[in-house]
């Protein structure tokens with residue numbers, strides 16, 4: 001048994017909204033309902049549940065169990081993954097590991113958060129002691145310092161970054177689930193002229209906090225075949241790195257764990273970046289997309305801007321980028337937000353892309369970013385390569 | 001170009017201290033900067049941790065007083081903040097590399113936007129907190 005013996009066989013997603021009127025468990029129920037309808041699985045066949053972190057669930061130390069109880073799932077494997085925005089992609093790898101270990105057979109990976117409507121999070125981190133007294137705003141300030149460092153080292157090409165923002169926005173216009181407020185076209189000039197938040201981070205660099213849910217169903221390819229499921233996104237390669245450079249007092253923030261995660265995922269898959277038909281990177285800030293292009297081997301470290309200028313990132317282009325709009329143009333569903341780009345990748349591999357369907361639906365690369373450490377870039381980097389079958 | 005604010009007159013959220021960071025905070029009462037040093041790895045670390053980031057062993061970790069002089073590693077100009085910092089923008093949040101080879105997050109004060117740049121030499125400015133401790137800020141050296 002190995003990672004590639006398992007596949008995502010179904011997906012579901014709610015609309016992304018500015019503030020949810022319905023309870024987070026009702027969003028979870030919508031995902032379960034959608035996946036059962038799409039795959040033909042019975043509820044009783046789901047014997048594993050893995051949840052992402054959730055700001056709404058954060059006050060509940062029994063989050064996965066109580067959610068399972070609300071959804072009336074009887075399980076052999078039940079847990080929450082708490083590696084921040086990396087949790088949704090990380091959950092898929094953990095589902096495969098649990099299936100391979102014989103702990104369960106069919107896992108619902110459920111990502112639901114209503115962080116805007118009900119945030120119960122109370123972070124216990126370095127923050128109160130070492131950053132909050134300085135008026136540090138968290139992620140935007142961290143990315144402000146990171147961007148300044150990148151600027152001083154390599155130069156920061158605003159128009160290249162703007163091109164990424166525009167491509168994602170074009171995709172959100174074609175995505176009915178994207179947050180309605182964001183479904184307006186933008187230009188590179190709009191990006192460059194948007195107001196500074198944490199100089200040099202602009203408004204149009206940032207995600208907008210939203211509410212919503214998504215999820216996927218993971219099972220063995222053998223079981224999928226037995227059930228006659230023709231559409232599968234096979235788990236071809238996965239890599240994860242938390243706290244790159246943990247034993248160093250100073251690290252270069254333009255170097256991230258995606259280098260290690262990507263190398264491992266590509267080696268496992270026997271593929272290279274040239275094989276990737278669509279790219280679905282975790283996008284909390286626009287510059288994170290460029291840094292991932294560099295770290296995952298699409299281009300050389302520090303030369304992301306040149307690569308961006310010569311690449312067409314539209315769904316119809318050479319390297320379709322976050323074809324649902326990404327979190328930046330579809331809205332960030334709190335700590336469940338990493339599921340948005342994952343579900344979009346699966347949708348593309350299944351050929352359900354509709355008005356934004358990519359041409360090459362063989363291989364997709366999805367990533368995660370999770371957690372903001374003290375004065376570095378991010379805690380966890382993940383990379384997952386999916387291959388369509390059927 | 002708007003002047004950068006020094007934020008010396010606002011009430012900042014009081015930093016809590018942990019069992020393993022208390023020596024740092026106690027030293028700030030006398031405007032002294034203590035940081036952790038691993039005598040086996042022969043290297044400093046910041047922020048204070050419950051163990052050595054180099055070896056995971058605690059016995060060789062000691063506190064050493066340092067000058068606090070350093071250079072700006074990177075910075076951001078905050079133009080949109082939350083209370084009590086709201087309406088006091090713009091101000092600077094920076095990482096400063098101390099001479100001992102660690103990075104410290106703080107504010108850069110008494111510095112114009114024109115003078116602000118990566119690599120700028122800075123020295124400590126101890127800002128009093130209501131409980132007798134001091135907050136380590138930096139100003140151009």
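Every number in this text was worked out from the coordinates using simple rules, so none of it is lab data. On a predicted model such as this, the values are computed, not experimentally measured, just so you know. Reconstructed Cβ throughout: ideal geometry from the backbone, glycine too, with neighbour counts over all protein chains shown.
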Estimate the FRET efficiency between residue B:87 and residue A:33 by the formula 1/(1 + (r/R0)^6), using the beta-carbon distance for r and 60 Å for R0, to the nearest 0.05. 0.80
What is the packing order of peptides A:61-67, B:92-98, A:337-343, taking the mean over residues of other C-beta atoms within 10 Å and listing the highest first? A:337-343, B:92-98, A:61-67
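Write down the percent of antiparallel bridges among all DSSP beta bridges whose residues are both part of chain A, to the nearest 5.
Within chain A, antiparallel bridges account for around 75 percent of the total.
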Efficiency of FRET from Cβ geometry, residue A:190 and residue B:67, R₀ 51 Å, rounded to 0.05: 0.65
Could you check the spin-label model distance between residue A:97 and residue B:20? Points 7 Å from the Cα along Cα→Cβ, value in nm. 2.4
Report the gain in length on full extension from residue A:42 to residue A:19: 0.36 nm times residue separation, minus Cα-Cα distance, nm rounded to one decimal. 5.2 nm
Contour excess over end-to-end distance, with Cα ends at residue A:306 and residue A:203 and 0.36 nm allotted per residue: 34.8 nm
In peptide B:11-21, what is the residue-averaged number of other protein chain Cβ atoms found within 10 Å of each Cβ? 3
Shape descriptor, chain A: equivalent ellipsoid semi-axes (Cα gyration tensor, sqrt 5λ, whole Å, largest first) stand at 30, 23, 20
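Is it possible to state the helix-based mean residue ellipticity at 222 nm for chain A, with each DSSP H run of 4+ residues giving -39500 (n - 2.57), the sum divided by total residues, to the nearest 500 deg cm²/dmol? What is it?
Value at 222 nm, helices only, nearest 500: -10000 deg cm²/dmol.
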Residues A:211, A:82 arranged by fewest to most Cβ contacts within 10 Å: A:82, A:211
Could you tell me the center-to-center distance, by alpha carbons, between the stretch A:24-91 and the stretch A:145-161 in angstrom? 39
Each residue of A:247-254 has, on average, a number of other protein chain C-beta atoms within 10 Å of its C-beta equal to 5
Quick one: what Rg and Dmax do you get for the stretch B:22-140 from the alpha carbons, in Å? 15.4, 47
Based on the mean of other beta carbon atoms within 10 Å per residue, what is the order of A:362-370, A:266-274, most packed first? A:362-370, A:266-274
Ellipticity estimate at 222 nm from DSSP helix runs (n ≥ 4, -39,500 (n - 2.57)) divided over chain B, nearest 500: -1000 deg cm²/dmol
Is any residue of the stretch A:228-257 close enough, with backbone N under 13 Å, to a label point placed 7 angstrom from the Cα of residue A:152 along the Cα-Cβ axis, and if so, which? A:251-254
May I ask you to derive the FRET efficiency for residue A:225 and residue A:76 from their Cβ-Cβ distance with R0 = 22 Å, giving the value to the nearest 0.05? 0.50
Each residue of B:76-89 has, on average, a number of other protein chain C-beta atoms within 10 Å of its C-beta equal to 6
